[in-house]
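Presented below is the structure to which this report refers.
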Amino acid sequence: MTATEWITDAALILVVFRQLREGRLDRKTFLLPLAIVAFVAYSYLDTIPTGGNDLVLIAALVAIGAVLGIAGGVYTRIRALDGQLLIKAGAVSAILWVVGMGARMGFQVWVEHAGGADDVARFSLTHHITGQQAWVAAFVLMALTEVVTRVATIYVRSRMHKALHPVAVLDRAA
């Protein structure tokens, strides 16, 4: 893994750790993780391979990313205080986020440094996955999906909270 990959992965993990301490729900809550994952997608997602079972691999990891993202958003606490919405990632949300990000990092380290490349090559051959770019696309799209669904879930929940408690929340919070 390059230094940029380590920094990007660490930044995505720190996004949720920052939310372990309750803070104001604002545009930065949404834009920071989306900007990081957009950078990753731009940097690593050259193509989306469609040969063999590449799309099956991609769909499976995207589905896992969606489940992790939605669950992480659901297990993030949102409450109103003094006319503002506050957000705090719960333990479950943080664990799910670290599991998703950590699994990607672990896979990459395993393949690059721990002899996993041969195992992945055999698995790919057996399951008709056409090559490295399929794995890259699958993991990048998994991360993108996890971030987007988590942010979207938090956004929808914040809007629902405002609708249910209109007097307690001013419109400037999100």
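Summary table
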item	result
Mean residue ellipticity (222 nm) of the chain, computed from DSSP H runs ≥ 4 via -39,500 (n - 2.57), nearest 500	-24000 deg cm²/dmol
Rg(Cα) / (2.2 N^0.38 Å) computed for segment 54-138, rounded to two decimals	1.46
Per-selection Rg to Rh, segment 1-127 - Cα, Kirkwood hydrodynamic radius	1.04
Charge dipole magnitude, Cβ of K and R +1, D and E -1 - the chain, Cα centre, debye nearest 20	1000
Calculated from backbone phi, Karplus (6.51, -1.76, 1.60) coupling profile of segment 151-157 in Hz, x at Gly/Pro	4, 5, 5, 5, 4, 4, 5
√(5λ) per eigenvalue of the Cα gyration tensor, segment 32-89, largest first, Å	33, 16, 6
Crossing angle, helix 27-44 versus the chain [Cα axis fit, 0-90 degrees, rounded to tens]	10
Accessible-area composition of the chain, carbon plus sulfur, in percent [1.4 Å probe]	68
Relative packing of 130-143, 110-123, 150-163, which averages over residues the other C-beta atoms within 10 Å, highest first	130-143, 150-163, 110-123
Per residue solvent-accessible surface (Å²) - segment 28-174, probe of 1.4 Å	52
Accessible area (Å², 1.4 Å probe, nearest 10) - Leu96	40
Interchain or long-range residues, amide H under 5 Å from Leu25's placed H	Leu85, Leu86, Ile87
For the chain, with +1 on Lys and Arg beta carbons and -1 on Asp and Glu, the positive-most of Ala71, Gly131, Ile13 along the dipole	Ala71
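The values are calculated or read from the model by the stated rules, or taken from the named source; none is laboratory data. Just so you know, these numbers come straight off a predicted model, no measurement behind them. Don't worry about glycine lacking a Cβ; one is built from the backbone with ideal geometry, like all the others, and counts go over all protein chains shown. Accessible surface is based on the protein model in full, side chains and every heavy atom, while ligands, DNA and RNA are left aside. Shrake-Rupley method; radii C 1.70, N 1.55, O 1.52, S 1.80 Å.
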